[in-house]
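Visitor: Quick one: this structure, given as structure tokens, is what I'll be asking you about.
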Amino acid sequence: MGVPQADYPQDELLKYNIVSSPPTNLKDPVSTPNPNSISTDREVVKISRRRPRTKHKVQTANNNASTRLRRHVSERSWTIRNWYKHIHWKNTLIVIIIPFLGLLLLIFKHIELNRHTLVFASINYLITLLSVNLLYHRYWSHHSFTINNERVVYGLAALATGGGLTSAKNWCASHRAHHRYCDTTDKDPHNIRRGLLFSHFGWMVLIHNPKIASTIRESKLDELPNEAVVKWQLENYFSLFILIGLVIPSVVCGWFWNDYWGGLIYAGFLKTILVQHSVFSVNSLGHTMGTRPYNDTKSPRNNFMLSLITMGEGNQNFHHEFPMDYRNGYEWHEFDPVKWLIRALQLFGVVSDVKKASASTIAKSYVQQQQKLIDRTRSQLNWGIPIERLPVFSTKEFNELARSAKGRYIVIVSGIIHDITPFAKDHPGGLPLIKASHGKDCTTAFNGAVYQHSNAARNLLATMRIGVLGGSEDLFWKQQRIENKSVPIDNDADGNRIVRSGSQATTFNTVIGGTAGAA
């Protein structure tokens with residue numbers, strides 16, 4: 001603040017070098033002194049600290065507040081006031097609240113498990129899970145076959161509803177978005193990179209980020225066969241779930257062996273919980289535990305135990321490579337009840353146009369992945385000094401080297417010069433044979449004239465090479481191609497073309513746009 005002018009005479013004000021006349025800048029009357037007056041630096045600093053809030057700062061603060069309000073709830077921090085806005089309440093009701101009520105009934109009602117109820121609950125679990133896998137997953141999501149009878153589709157849709165996994169329209173859209181953008185943080189609905197619990201069921205009970213919601217809406221535009229059934233199930237989903245998932249199991253158990261509560265709890269609520277978490281485990285365990293024999297660039301894995309839990313959905317590495325294949329495993333003996341059920345329905349004419357990847361296509365992906373693993377292992381082994389880095393000796397220089405090598409043994413094999421002194425005493429042929437070979441080309445003797453050496457012997461010899469003989473490049477070309485671990489090899493030891501995983505003509509280093517289709 002300035003000093004009150006009325007309390008001091010002009011001479012007194014001038015003595016302290018304080019401005020007596022009003023400032024000329026009306027926009028900032030306190031901080032801007034009169035240009036004709038003199039003011040101390042200390043006073044200017046003191047005055048500037050008390051500068052009022054400008055219109056620009058107020059407007060900036062308002063804009064920041066407006067931006068915070070416009071941010072989607074999924075991008076805001078959780079607080080006591082907004083926590084409920086982060087929850088997808090419709091999914092939470094079916095996935096958490098209703099199963100939790102079932103567990104409370106189980107705890108407080110103390111209903112003993114009837115043997116007949118146990119058998120019925122187990123059958124109900126298997127039928128519901130198989131219906132979800134067959135209809136939701138392989139038929140509607142991936143069009144792996146055609147169902148010729150619409151009444152069968154209605155029946156399977158009703159049975160699948162009892163699992164409490166949301167409608168086929170919503171489930172298929174999320175699943176196809178997952179295939180399109182697998183492991184993409186801002187587009188994969190249940191991306192495993194966001195943690196095991198999130199990919200298991202957190203993605204269902206939390207409000208989606210707008211980018212993920214956009215990918216799901218985009219996938220909903222895909223046409224599903226038997227659209228009338230899809231629409232019917234979507235419009236009546238909650239009622240169908242209550243009727244088929246809970247009421248009918250209770251009525252069946254009560255009607256036939258007077259166990260209404262047992263039917264509701266075990267064949268209804270508990271069955272629903274098991275079906276839900278069996279399917280959820282494909283998104284979590286199926287992307288964290290197991291092997292990747294077809295492609296290790298993405299998270300899906302093959303897991304035998306998961307196949308048992310999910311009735312055949314455990315080979316996720318295979319499935320993500322060949323999503324339209326009606327099988328979830330290539331080998332006939334792999335556990336996949338859905339595959340066997342589809343085959344049976346095909347025999348009776350219920351389904352047709354069954355799709356599967358060719359044996360050659362599957363074998364190529366498998367061989368390329370195994371070759372990739374071999375290349376990775378090969379690059380970590382000691383193959384000796386790379387041939388291309390060895391010094392080149394002329395014949396005269398080699399002879400001089402051999403003559404000057406006192407107490408050492410130098411030989412040539414396939415145009416490569418080796419100092420075999422470290423192995424001389426351990427050689428199975430004895431030291432005299434080594435001495436007799438010193439300074440000579442032993443290629444013929446090494447390759448069968450004396451003894452046809454093993455691959456292990458050749459690899460050991462490679463660690464002892466010290467140079468190459470000029471003009472003999474053709475002799476060691478094959479060995480060089482086998483050992484080259486720093487430069488990508490396009491041909492094998494016989495000169496045949498190799499197409500490695502990631503080196504196909506259609507491969508780009510960066511992804512251009514999104515991939516189309518569920519594949």
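Visitor: Condition test on LEU243, is it modelled with pLDDT under 95 and within 24 Å of VAL153 (Cα to Cα)?
Guide: No; evaluated as a whole, the condition is false for this residue.
Visitor: Mind listing whichever residues of segment 395-433 are in contact with a Lys or Arg (Cβ under 9 Å, 6 or more places away or on another chain), open to solvent by 20 Å² or more (accessible area, probe 1.4 Å) and assigned to a helix (DSSP H, G or I)?
Guide: Within segment 395-433, THR421, LEU431 qualify.
Visitor: Could you check segment 252-277 and list, in sequence order, the residues that are in contact (Cβ under 8 Å) with a residue 12 or more places away in the chain, part of a helix (DSSP H, G or I) and open to solvent by 10 Å² or more (accessible area, probe 1.4 Å)?
Guide: Matches in segment 252-277: VAL252, PHE256, TRP257, TRP261, LEU264, TYR266, PHE269, LEU270, ILE273, LEU274, HIS277.
To keep it simple, each residue is scored yes or no on (1) open to solvent by less than 70 Å² (accessible area, probe 1.4 Å); (2) more than 30 Å from TRP89 (Cα to Cα).
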| residue | (1), (2) |
| --- | --- |
| ILE107 | no, no |
| PHE120 | yes, yes |
| THR128 | yes, no |
| TYR136 | yes, no |
| TYR139 | yes, no |
| HIS143 | yes, yes |
| ALA157 | yes, no |
| GLY162 | yes, no |
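Visitor: Quick check on segment 213-233: of everything there that is farther than 19 Å from HIS179 by Cβ and in a helix (DSSP H, G or I), which residue is most open to solvent (accessible area, probe 1.4 Å)?
Guide: LYS231
Visitor: Search segment 369-386 for residues that are at positive phi and pair each with any residue that is open to solvent by 30 Å² or more (accessible area, probe 1.4 Å) when their beta-carbon atoms are under 6 Å apart and the residues are at least 6 apart or on different chains.
Guide: Filtered contacts from segment 369-386: GLY384/THR463.
Visitor: Additional query: Scan segment 286-298 for residues that are in contact (Cβ under 8 Å) with a residue 60 or more places away in the chain and either small (Gly, Ala, Ser) or surrounded by 18 or more Cβ atoms within 10 Å (Cβ to Cβ) (or both) and jot them down.
Guide: HIS287, ARG292, PRO293, TYR294, ASN295
Visitor: Another one. Would you confirm, using the coordinates I've provided, whether SER352 is within 24 Å of HIS175 (Cβ to Cβ), open to solvent by less than 10 Å² (accessible area, probe 1.4 Å) and hydroxyl-bearing (Ser, Thr, Tyr)?
Guide: no
Visitor: Quick one: in segment 173-206, which of the residues that are over 18 Å from PRO300 (Cβ atoms) and at pLDDT 90 or above is least open to solvent (accessible area, probe 1.4 Å)?
Guide: Result: ALA173.
Visitor: Applying the selection to segment 278-305, what residues are in contact with a Lys or Arg (Cβ under 8 Å, 6 or more places away or on another chain) and in a helix (DSSP H, G or I)?
Guide: GLY286, HIS287
Visitor: Continuing with this model, one more query. Could you grab the pairs with beta carbons closer than 6 Å, sequence gap of 6+ or different chains, first residue in segment 113-140 and closer than 10 Å to ASP259 by Cβ, second one surrounded by fewer than 22 Cβ atoms within 10 Å (Cβ to Cβ)?
Guide: That search, which allows pairs on different chains as well, returns HIS116/TRP257.
Visitor: Could you list, in sequence order, all residues of segment 148-187 that are touching a strand residue (DSSP E or B) at 6+ places or on another chain (Cβ under 7 Å) and either among the acidic types (Asp, Glu) or within 19 Å of GLN233 (Cβ to Cβ) (or both)?
Guide: VAL153
Visitor: Continuing with the same structure: Identify the residue in segment 386-412 that is touching a helix residue (DSSP H, G or I) at 6+ places or on another chain (Cβ under 9 Å) and at pLDDT below 90 and, among all such residues, is nearest to THR443 (Cα to Cα).
Guide: Residue satisfying both the conditions and the ranking: ILE387.
Visitor: Here's another thing I want to ask about it. Give segment 339-380 a look and list any residue that's over 21 Å from ASN226 (Cα atoms) and among the β-branched types (Val, Ile, Thr), or say none.
Guide: If the condition is that a residue be over 21 Å from ASN226 (Cα atoms) and among the β-branched types (Val, Ile, Thr), then THR361, ILE362, VAL367, ILE374, THR377 are the ones that fit.
Visitor: In addition: Residues of segment 306-337 being part of a helix (DSSP H, G or I), more than 17 Å from PHE280 (Cβ to Cβ) and open to solvent by 30 Å² or more (accessible area, probe 1.4 Å), which ones?
Guide: Within segment 306-337, GLU321 is the sole residue that qualifies.
Visitor: Does at least one position in segment 145-152 carry a residue that is surrounded by 19 or more Cβ atoms within 10 Å (Cβ to Cβ), touching a residue at least 40 places away in the same chain (Cβ under 8 Å) and farther than 19 Å from SER219 by Cα? Step through it out loud before you land on a result.
Guide: Of the residues in segment 145-152, the ones surrounded by 19 or more Cβ atoms within 10 Å (Cβ to Cβ) are 145, 147.
Those still in the list that are touching a residue at least 40 places away in the same chain (Cβ under 8 Å) too: 145, 147.
Within this subset, residues satisfying the condition of being farther than 19 Å from SER219 by Cα are 145, 147.
Yes: segment 145-152 contains one or more residues that are surrounded by 19 or more Cβ atoms within 10 Å (Cβ to Cβ), touching a residue at least 40 places away in the same chain (Cβ under 8 Å) and farther than 19 Å from SER219 by Cα.
Visitor: Keeping to segment 365-394, report how many residues are touching a Leu at 6+ places or on another chain (Cβ under 9 Å) and open to solvent by 90 Å² or more (accessible area, probe 1.4 Å).
Guide: Number satisfying all stated conditions: 1.
Visitor: Which one is farthest from GLY163 (Cα to Cα) among residues in segment 234-251 that are among the polar types (S, T, N, Q) and in a helix (DSSP H, G or I)?
Guide: So the residue we want is SER250.
The values are calculated or read from the model by the stated rules, or taken from the named source; none is laboratory data. Everything numeric in this text was worked out from a predicted model, so none of it was measured. Every residue, glycine among them, receives a Cβ derived from its backbone with ideal geometry; neighbour counts consider all protein chains shown. With ligands, DNA and RNA removed, areas are computed over all heavy atoms of the protein, side chains included. Shrake-Rupley method; radii C 1.70, N 1.55, O 1.52, S 1.80 Å.
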